[in-house]
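Working notes for the structure below.
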Amino acid sequence: MTPVTLPAIPGDPLTALDQAFARFLAVRQPSADPRHLWLAALASHQYGRGHACLDLAALAASPAELLGWKTDALSLLPADLVSAAASLPWCQGGPTSPLVLAGAAGAGRLYLRRAWQAEQTILARLAERQTLPLDPPARLGERLDALFQGMTGTGVTLQKKACEVAARQRFTLVTGGPGTGKTTTVVRLLALLAAAARDRGQPFVARLAAPTGKAASRLVESIGKQLAQLPAGYAEGVPTEATTLHKLLGLRGDDADRPLAPLIADAVVVDEASMIDLGMMASLLTAVPPGARLILLGDKDQLASVEAGAVLAQLCARASLADQTVTLTHSQRFGADSAIGHWAARVNAGDAEAVAHDFKALPAWSPGTADPVRRLAGDLRAQWPKVVRQGWAAWRARCEALRASGHDCDDATALALLEDFGQFQVLCALREGPEGVRALNAQVEKAFGFDARESWYVGRPVMVTRNDYALKLMNGDIGLCLPRDGGKRVAFRDAEGRLRWVLPSRLDEVETVFAMTVHKSQGSEWPDLLLALPAKGAPVLTRELLYTGLTRAKQRFTLLAPDVGVLGETVRRRVRRSGGLVEG
């Protein structure tokens, strides 16, 4: 049998990997039906775009929306494509088949086996937890009253409810926007469980984790603040250290498929759970003992993980988990009179017309404006460098003084520089283009007089883009290149505020970080923020991206949106990832 091939598609929406995957299957088990190659390539294509599977019903009903392709590419899709799923030869090899068809061929889901297996693992582990009996901690009501004594309001009521739900369950989802009290809730839960264990004369082991090193550091900082507010005696036994999920599970890039050792823990808390992808969630649920409590904290309205899956959002929408899900809605950071909170609510509601109207009514940014939300107007190229000069004014002055001194940087100055740099950040929707990360990083370097031809200039801020276990640096960690020991070193600060100095030559996976993508900003926050949207629309511009970028700002937010139409389009477009975790 002569294998068929895929035609050239205008715009190349199928990647080389998608096409190579289909060709590999065709060589392994030839098919004379070209629709089979298309389905295999599309399953790979959707996985690469963050979907757990190829949704066949959506492909039949609205292929443009599902695939994000233009008309000329869509016109090449074969007729009756979905009906060919029933005869796919690569789904018929039992547990070794490379593809899995779930549900009816015309209305089901086509998976790469790895993604299907991850979903099945997640569902099986959740079902196992729900069947195990669990006695709630003794004196639960009394302890809850003590832990929330003196705290009042709607937000506190929900936090107390979330704490009680988690105390009675082996698996709990606590979701809510910034400042809604997710950490407040979990600290009181851990204090309650630790106290109950002491009463029984038993040890209590809790583990804290987050997807990135930055998010883990923020979790530690938040817990430290909450511990001081606990009633006397309740802080004992509450953990004060957090790690990345990779480190918690003992995962590295080269051994991610090896069997996981069970964690020794009575409770495991994971923050920023919206960033957890399908494979990582399966690993987490496998490693956490069924008898231990697992609590996931996150904002279901944020961007989903960069890799495949929208696990948190789909689990929060799963009917069988309704009694184990608590949504915190009252924000202490963004109250009813908060301009940033108002914007976040409008964006989340998908009210594109209201957002466009609000944007036009925003005060234009100027050096002296005190408004918490501003827009850039006039000559954008002339205006936006002024924003970054003001945002990093303290850091820039301290950095220039250090450079002028010709002296080595001591620890105190390095810590002060890292603190100053963390007061402001530029976020971008895209990496490329005039308003993308690369262009804006170069423009900031030019505005500050840094010589970008010198790869390691004094003051260069860098972000670690891949976990480095040898250097104990995690994806998302930010450092500064500074004069030290007669040369240059990069200073990083850990969750406890300690410095680590690293030779630049040892940092292979880093990039300049005056500007970063919104995806990279997850798990972080800054007092002052500039978000740059592009002048032209793009599929990556979604409501979730705008909401995530907006809510990284704690006090001030400036929006660069060259085209109000693109802003409205961004609010209307939602991230819709295919998968089977919602059902049931």
Worksheet entry | Per-region count, the range 125-152, residues in a helix (DSSP H, G or I) and open to solvent by less than 90 Å² (accessible area, probe 1.4 Å) | 13
Worksheet item: How many of the residues in the range 157-191 are in contact with a Cys (Cβ under 6 Å, 6 or more places away or on another chain) and part of a helix (DSSP H, G or I)?
Response: 3
Worksheet item: Within the range 567-584, which residues are modelled with pLDDT under 90 and either part of a helix (DSSP H, G or I) or charged (D, E, K, R) (or both)?
Response: Arg573, Arg574, Arg576, Arg577, Glu583
Response to the item:
Residue set Ala16, Ala58, Ala52; condition buried (at least 16 other Cβ atoms within 10 Å of the Cβ) and over 22 Å from Glu569 (Cβ atoms); output residue Ala52
Practice prompt. Return yes or no: is Thr240 of a type in the set (Ser, Thr, Tyr) and open to solvent by 10 Å² or more (accessible area, probe 1.4 Å)?
Written response: yes
Item to complete: Kindly check whether there is at least one residue in the range 173-189 that is more than 20 Å from Ala273 (Cα to Cα), at pLDDT 90 or above and either open to solvent by less than 30 Å² (accessible area, probe 1.4 Å) or more than 22 Å from the chain's Cα centre (by Cα) (or both).
Response: no
Fill in: Failed criterion for Ser222 (all others in (1) out of contact with any strand residue (DSSP E or B) (no Cβ under 8 Å at 6 or more places or on another chain); (2) at pLDDT 90 or above; (3) over 24 Å from Gln314 (Cα atoms); (4) open to solvent by 30 Å² or more (accessible area, probe 1.4 Å) hold)
(2)
Response to the item:
Flagged pairs (Cβ under 7 angstrom, 6 or more apart or on separate chains; first in the range 330-346, under 17 Å from Val156 (Cβ atoms); second modelled with pLDDT of 80 or more and hydroxyl-bearing (Ser, Thr, Tyr)) are His330/Thr180; Ser331/Thr180
Discussion item. I'm trying to understand the selection: among the residues of the range 486-513, which are of a type in the set (Ser, Thr, Tyr) and in contact (Cβ under 8 Å) with a residue 40 or more places away in the chain?
Written reply: Thr512
Practice prompt. Go through the range 338-356 and give me each residue that's part of a loop (DSSP other than H, G, I, E, B) and of a type outside the set (D, E, K, R).
Written response: Ser338, Gly350
Worksheet entry | the range 516-528 residues that are without any contact (Cβ under 8 Å) to a residue 12 or more places away in the chain, paired with ones that are hydrophobic (A, V, I, L, M, F, W, C) (beta carbon under 7 Å, 6 or more apart) | none
Worksheet item: Hey, among the residues in the range 318-337 that are in a helix (DSSP H, G or I) and among the polar types (S, T, N, Q), which one's most open to solvent (accessible area, probe 1.4 Å)?
Response: Ser320
Practice prompt. Scan the range 380-430 for residues that are assigned to a loop (DSSP other than H, G, I, E, B), crowded, with 16+ Cβ neighbours inside 10 Å and either out of contact with any Gly (no Cβ under 8 Å at 6 or more places or on another chain) or at positive phi (or both) and jot them down.
Written response: Trp392, Cys409, Gly422
Discussion item. Taking the conditions exactly as written (open to solvent by less than 20 Å² (accessible area, probe 1.4 Å), modelled with pLDDT of 85 or more and within 21 Å of Leu567 (Cα to Cα)), does Ala354 satisfy them or not?
Written reply: yes
Worksheet entry | strands (runs of 3 or more DSSP E) enclosed by the range 449-564 - at least 3 residues per element that are under 19 Å from Trp395 (Cα atoms) and of a type in the set (A, V, I, L, M, F, W, C) | 478-484, 487-493, 526-532
Discussion item. Taking the condition of being in a loop (DSSP other than H, G, I, E, B) and within 26 Å of the chain's Cα centre (by Cα), how many residues in the range 433-448 meet it?
Written reply: 4
Worksheet entry | helices (runs of 4 or more DSSP H) (entirely within the range 12-61) containing at least 2 residues that are in contact with an Asp or Glu (Cβ under 8 Å, 6 or more places away or on another chain) | 34-48
Worksheet item: Which is in a helix (DSSP H, G or I), surrounded by fewer than 16 Cβ atoms within 10 Å (Cβ to Cβ) and over 27 Å from the mean Cα position of the chain (by Cα), of Ala64, Ala86, Ala73?
Response: Ala86
Worksheet item: Does Ala265 qualify as being open to solvent by less than 10 Å² (accessible area, probe 1.4 Å), more than 25 Å from Asp528 (Cβ to Cβ), in a loop (DSSP other than H, G, I, E, B) and not polar (S, T, N, Q)?
Response: no
Discussion item. For the range 503-554, give me each residue that is farther than 24 Å from Gln423 by Cβ, among the polar types (S, T, N, Q) and surrounded by 23 or more Cβ atoms within 10 Å (Cβ to Cβ).
Written reply: none
Discussion item. For the range 307-317, check the following and say yes or no: at least one residue is among the β-branched types (Val, Ile, Thr) and open to solvent by 20 Å² or more (accessible area, probe 1.4 Å).
Written reply: no
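The values are calculated or read from the model by the stated rules, or taken from the named source; none is laboratory data. Please read these numbers as outputs of a predicted model, since none were measured by experiment. In this analysis, Cβ positions are derived from the backbone assuming ideal geometry, glycine residues included, and neighbour counts consider all displayed protein chains. Areas reflect the complete protein model, heavy atoms only, side chains present, ligands, DNA and RNA absent. Shrake-Rupley method; radii C 1.70, N 1.55, O 1.52, S 1.80 Å.
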